[in-house]
Amino acid sequence: MTQFRVSSTVPKLLLGSRAISALWAHRIAASSPHANYKRTVAQLSAPLVPPGLKNEPIKSFGKESTVDWDLLRESIIKLTDNGPLEIPVIVGDSEIYAASSNRLVYNQHNPGNHAQILANVTQANAEDVRVAVEASSAAKEAWLNTPFVDRAAVFLKAADLISTKYRYTMLAATMLGQGKNVYQAEIDCIAELVDFFRFNVKYAQELYSQQPIESTPGVWNRAEYRPLEGFVYAVTPFNFTAIAANLVGAPALMGNTVVWKPSSYATLSNYILFRILQEAGLPSGVINFVPGEPNMVTDELINDPRFASLHYTGSTAVFLNLYAKITANLTSGKYRDFPRIIGETGGKNFHVVHESAAVENAALNTLRGAFEYQGQKCSATSRVYVSESVWPKFSQILLENVSKLIPTNTSAVKGLQSFIGPVIHENSFDKLADVIDQAQTDPELEILYGGQYDKKQGYFVQPTVVRTSNLEHDFLKREFFGPVLTVHVFKDAEYESILESIDSNTNYALTGSIFANSRTAIRLAEEKLRYSAGNFYINDKSTGAVVGQQWFGGARMSGTNDKAGGSNILTRFTSIRNVKENFYELADYKYPSNF
């Protein structure tokens, strides 16, 4: 009998006031081939109707939300006043802490107050990574034979825990560690994360129900949606806790086992998420939590013959490097299978403001798209093209409102209501400072607002708006991943040629928006920019895709466009087996034509 144990050492800090005394043991029996056979049949044929679905409501945290504010402040204090949280490597049912194992430690800091250490994160060594693969392999058979209803229940319960018991703990961790304001955190680590877990169950149920539509007399045809044969390597980013949840959750839901390398700059929130999954009943070894030096962890994992898939969100350059390494391993015969490579990377996302646009709407949406979460979204508005006739009004509204944005430590008591916070770390700060310095001296660039930066206490970069007259300028092509917006003003008659330029002057194709009231202008943009954005918006900002409403992802150098938040992503973690069962017996080998 195979037994999986859920750790009972979850820190009391994370359990809240209604903590349970110990987490239950979750057993998955595989006592005989017959038992496994029954599970497989149940997985394929048992009727399943998930709970009714709708997107998780977003709390407003307005002036009237006094209880929400009080609970949030309490959670921030809980995560900070007791000193840094000790975070282990977790592989199988083993928890490895630096203090007792001579492992290296990484200190996760608050980017809005970099003197504040939030967590001491044990760093996996090469042996830990290899053990994680073994733990994934050991958990594989029992997990894939677990009825889908049981796998789904883990993620549905985790969603409920996050939206209730751990809501304010998740918010506090995401705000502290990732520099989000409360509303951005609420959208991310609560609403979107919960939606991923819940909607994926519905999408999986629909996928399993897709069966061959015809069988000849005496034949039963059926399809089995097997998980991939090896393990999935999930590389998750700092900027969305929800993305981390989906990168590990989607493959695990489909019966895969996962090795998870969280971002060093989001380990606190990711660790709490992992503990919540344990509390929801996730068996040991299904997801293995392996913070560590990225190159070492990656090389160990993708060089293992059991590597089956990369699920990645991050920079384009890193993804290209990983793609090349995996391809080299494939062509050298290292793998049994063709690994599935799923990636969402960068963007140079655009707004186009046509002369017929509702200008105030276009300007305010541009502000939100460019400067929410300090522009640290892969979908953030990075370039805006504005028709000359509406530029005076557009610029007045945009710059007047941008001038009200003051970078603040959004997790501090005095900064909780702030709109804009710090960038994530010193490397990002230094890169953005160099970009602003270039704008100060480049004769083809004019800083219309901003241009200040300061890292004495936190990594604060002032929202900066830059104008260029050069359609081919590097500022209209290069991703900055920060609060820098580049503007180009075009003559009204040049609208069509501007669309052509937008399509051709970068290799990114993630998100983009057209602002216009003219249906002719909208239609032209939609057609000219057909391959320029995987998510295309009309009279709305380039950010903010909602699970179940706008499936998210881009092509070209923005990724593999497998559409998180929709059903397509789940197919990438299955390997279909078709089964034909014949109920008739042959009495002769001949066909009628063989008379």
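The values are calculated or read from the model by the stated rules, or taken from the named source; none is laboratory data. Note that this is a predicted model, so its numbers are computed, not measured. Methodologically, a virtual Cβ is constructed for each residue, glycine included, from the backbone with ideal geometry; neighbour enumeration extends over all protein chains shown.
Residue check: is Leu301 assigned to a helix (DSSP H, G or I) and either in contact (Cβ under 8 Å) with a residue 12 or more places away in the chain or among the hydrophobic types (A, V, I, L, M, F, W, C) (or both)?
So Leu301 passes the test.
Give the residues of the stretch 303-322 that are in contact with a Phe, Trp or Tyr (Cβ under 9 Å, 6 or more places away or on another chain) and of a type outside the set (Gly, Ala, Ser), sorted by residue number.
Asp304, Pro305, Arg306, Phe307, Leu310, His311, Tyr312, Thr313, Thr316, Val318, Phe319, Leu322
Could you tell me which of the residues Asn295, Asn270, Asn288 is in a helix (DSSP H, G or I), assigned by TED's automatic domain parsing to the domain that holds Val248 and more than 30 Å from Gly415 (Cα to Cα)?
Asn295
Based on what the data block shows, is Glu526 outside the structural domain of Cys189 (by TED's automatic domain parsing) and either under 30 Å from Ala159 (Cβ atoms) or under 27 Å from the mean Cα position of the chain (by Cα) (or both)?
Taking the combined requirement at face value, the residue satisfies it.
Only one of these is more than 26 Å from Gln108 (Cβ to Cβ), in the same structural domain as Ala370 (by TED's automatic domain parsing) and assigned to a helix (DSSP H, G or I): Asp437, Asp430. Name it.
Details: Asp430 fails: more than 26 Å from Gln108 (Cβ to Cβ).
Criteria check complete, one pass: Asp437.
One line per residue, one yes/no per condition, for (1) touching a helix residue (DSSP H, G or I) at 6+ places or on another chain (Cβ under 7 Å); (2) surrounded by fewer than 21 Cβ atoms within 10 Å (Cβ to Cβ); (3) of a type outside the set (Phe, Trp, Tyr):
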| residue | (1), (2), (3) |
| --- | --- |
| Lys78 | yes, yes, yes |
| Glu86 | no, yes, yes |
| Ser100 | no, yes, yes |
| Arg103 | no, yes, yes |
| Asn107 | no, yes, yes |
| Asn110 | yes, no, yes |
| Ala115 | no, yes, yes |
| Gln123 | no, yes, yes |
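Just for strands (runs of 3 or more DSSP E) wholly inside the stretch 478-595: which have at least 3 residues that are surrounded by fewer than 19 Cβ atoms within 10 Å (Cβ to Cβ)?
Numbers: elements: 484-490, 511-515, 535-538, 574-582.
Of the strands (runs of 3 or more DSSP E) lying wholly inside the stretch 478-595, those with at least 3 residues that are surrounded by fewer than 19 Cβ atoms within 10 Å (Cβ to Cβ) span 574-582.
Hey, among the residues in the stretch 336-367 that are in a loop (DSSP other than H, G, I, E, B) and within 27 Å of the chain's Cα centre (by Cα), which one's surrounded by the fewest Cβ atoms within 10 Å (Cβ to Cβ)?
Going through the qualifying residues, I end up with Phe338.
Scan (1) touching a Lys or Arg at 6+ places or on another chain (Cβ under 8 Å); (2) part of a helix (DSSP H, G or I) for the single condition Gly281 breaks and write down its number.
Status for Gly281: all satisfied but (2).
Residues being under 19 Å from Leu367 (Cβ atoms) and over 14 Å from the mean Cα position of the chain (by Cα): count how many of those fall in the stretch 536-554.
6
Looking at the stretch 490-500, is at least one residue touching a strand residue (DSSP E or B) at 6+ places or on another chain (Cβ under 7 Å), within 30 Å of Ala252 (Cα to Cα) and not acidic (Asp, Glu)?
For the stretch 490-500, residues touching a strand residue (DSSP E or B) at 6+ places or on another chain (Cβ under 7 Å), within 30 Å of Ala252 (Cα to Cα) and not acidic (Asp, Glu): absent.
Of the residues that sit in the stretch 392-416 and are surrounded by fewer than 18 Cβ atoms within 10 Å (Cβ to Cβ), out of contact with any helix residue (DSSP H, G or I) (no Cβ under 7 Å at 6 or more places or on another chain) and modelled with pLDDT of 95 or more, which one is farthest from Gln457 (Cα to Cα)?
The selected residue is Pro392.
Looking at the stretch 502-519, which of its residues are free of Cβ contacts under 8 Å to residues at least 40 places away in the same chain and more than 19 Å from Asn361 (Cα to Cα)?
Selection gives Asp503, Ser504, Asn505.
Just need a number here: residues in the stretch 250-282 that are of a type outside the set (A, V, I, L, M) and in contact with a helix residue (DSSP H, G or I) (Cβ under 6 Å, 6 or more places away or on another chain). Working first, answer last.
Going through the stretch 250-282, the residues of a type outside the set (A, V, I, L, M) turn out to be 251, 255-257, 260-265, 267, 269-271, 274-275, 278-279, 281.
Retained after the next criterion (residues that are in contact with a helix residue (DSSP H, G or I) (Cβ under 6 Å, 6 or more places away or on another chain)): 255, 257, 260-262, 269-270, 275, 281.
Residues that pass the stated criteria total 9.
Among the residues of the stretch 138-152, what is the count of those that are more than 25 Å from the chain's Cα centre (by Cα) and under 13 Å from Gly92 (Cα atoms)? Before the answer, list the steps.
Going residue by residue through the stretch 138-152, those that are more than 25 Å from the chain's Cα centre (by Cα) are 138, 141-142, 145-147.
Next, from what is left, pick out any that are under 13 Å from Gly92 (Cα atoms): 138.
Final tally of qualifying residues: 1.
What are the residues in the stretch 432-447 that are surrounded by 14 or more Cβ atoms within 10 Å (Cβ to Cβ) and either β-branched (Val, Ile, Thr) or under 16 Å from Gly375 (Cβ atoms) (or both), if any?
Leu432, Ala433, Val435, Ile436, Ala439, Ile447
For the stretch 148-264, give me every one of the strands (runs of 3 or more DSSP E) that falls completely inside it and has 2 or more residues that are surrounded by fewer than 21 Cβ atoms within 10 Å (Cβ to Cβ) and not acidic (Asp, Glu).
Here the list reads 219-227.
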